[in-house]
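I have placed the structure first, in the form of structure tokens, so that the comments after it can refer back to it.
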Amino acid sequence: MRNEFKEISLSTKGFSDMHDLSNPIREFLSETNAKDGLLTVIVPGSTAGVTTIEFEPGLRKDFPELIERLIPQGKYHHDSTWGDGNGFSHLRASVIGAAFSVPVKSGSPVLGTWQQVVLIDFDNRPRNRKVVFHYIGE
């Protein structure tokens, strides 16, 4: 049983900025010579999330519009506590979740043809995000 980690950094713009993690994931699995196991992708922090979506132009517009309808920017109790105006980003990130796990078979993540793992930064400002890959398996 192997236990492998890698951390990457991404510059994000905030406000539902979405980044496809497919290439970094493939590179990590190749570098570690992964076979069969489980990959977890996590973004440390409370204003970004990791999920899957078809990373295509239409959905890259649809998703932020949906999130805005579900959890609009505005005044939240968090903003009164900290004065940073990003209460909405914390709520959005908590709904999406900070981590995603996917089985790995023969060195590849088990995903659908049009399914990509993505990082979405919900904060109200640009950030330098860390993304952690953790592989357990053969």
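Strands (runs of 3 or more DSSP E) wholly in segment 38-138 with at least 2 residues that are over 17 Å from the mean Cα position of the chain (by Cα) and more than 21 Å from residue 15 (Cα to Cα) - which ones?
Where strands (runs of 3 or more DSSP E) fall fully within segment 38-138 and carry at least 2 residues being over 17 Å from the mean Cα position of the chain (by Cα) and more than 21 Å from residue 15 (Cα to Cα), they are 99-105, 127-137.
Which one is farthest from residue 112 (Cα to Cα), of the residues in segment 18-37 that are polar (S, T, N, Q) and assigned to a helix (DSSP H, G or I)?
Per the criteria, the residue is 30.
Kindly indicate which of 104, 110 is of a type in the set (Val, Ile, Thr) and free of Cβ contacts under 8 Å to residues at least 12 places away in the same chain.
110
Looking only at residues in segment 113-136 that are under 14 Å from residue 44 (Cβ atoms) and among the basic types (Lys, Arg), which one is surrounded by the fewest Cβ atoms within 10 Å (Cβ to Cβ)?
Per the stated criteria, the residue is 130.
Just so you know, all these numbers are worked out from the coordinates, no wet-lab data involved. Just so it is clear, the structure is predicted and the values come from calculations on it, not from any experiment. No Cβ is skipped: glycine too gets one built from the backbone with ideal geometry, and neighbour counts run over all protein chains shown.
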